Amino acid sequence: MTSRSTISVIPLKVKNTERPDFAGDYVLDRVVLTNHIGYKVDIKYLMVEMNIYESIYKNAVTGSIVIADEGNQIARMSVQGLERISFHLKTPGVSYGKGDVIDASDETGYPFHVYKITDRKQPSPGLTIYTLHFASREFMRNTRTKVSQAYDGKYDRAVIDIMKDENYLDSRKKLYYESTGNTNKIVIPNLMPFDAINMIARRSVANKSKGVGYYFYETTSGYYFRSW
């Protein structure tokens, strides 16, 4: 039997995840916002812009997402600054698990945490635009804990302890560190963990260096404590 229909079906172009189509091409399957009671919503198609910031002068990776919200998601989810943002971001052709892949998924990575909402405006009825600011889990832990302790020995061991101690940063990420050459007693006088590590960094001397000073920073690959 032959069809009488004159309608032609043109298949939609499927994105090639194995080869970049242009410079700066990326694969971002979804961006999931999870609120404090576990309710999840994919905000990828509400997203106008995403930015991720890392620097050797910053102790944590931060970022922002600009949302154009026509469905009033922010009200229905009761976004308060206690939410998680999870996603996979990579260049086409790069395998997950590589250092240049940002794995912020709930299953295999480290989701980011929303810590504030800014620039809320309503350009037209039914449309709200706002910016979600997010940061790594260690950033949030840093604002809620204090270090008040004496350390005796190599400075890099004190940094490792602050990073891994469940009472302080409780970090599960990789820490790439350069062993320090100086061994002294240091007293942390009730400081936030990042401030404590930065104080240690300023006093640290590398094994093969005469200069004083270390950098402590985070990238999407993990944490680093290394000399200038």
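In table form, for the structure just shown:
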read-out	value
Extension reserve of the Ile117-Asn198 stretch, reckoned as 0.36 nm per residue once the Cα distance is removed	26.4 nm
Filter on Lys90/Lys164; Lys116/Lys164; Lys40/Lys90 - keep pairs with C-alpha separation over 24 Å	Lys90/Lys164; Lys116/Lys164
Between segment 47-70 and segment 113-180, the Cα center-to-center distance that results, in Å	14 Å
Net lengthening on full extension, Thr91/Asp165 (0.36 nm per residue, minus Cα-Cα)	23.2 nm
Length added when fully stretched, Val212-Ile37, from 0.36 nm per residue minus Cα-Cα	58.3 nm
Net +/- balance of residues flanking Lys154 in space, Cβ distance below 14 Å, scoring K and R +1, D and E -1	-1
Environment charge of Val31, counting only residues whose C-beta is closer than 14 Å and scoring Lys/Arg +1, Asp/Glu -1	-2
Pairwise FRET efficiency - Lys185 versus Asn51, Cβ, R0 = 30 Å, nearest 0.05	0.10
Cα-based Kirkwood hydrodynamic radius, segment 82-203, one decimal, Å	17.1 Å
Separation of the Leu28 and Glu70 label points, Cα + 7 Å toward Cβ, nm	1.9 nm
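Here, each number is a calculation from the coordinates, and none is a lab measurement. Bear in mind that the values here come from a model prediction, so they are computed numbers and not experimental data. No Cβ is skipped: glycine too gets one built from the backbone with ideal geometry, and neighbour counts run over all protein chains shown.
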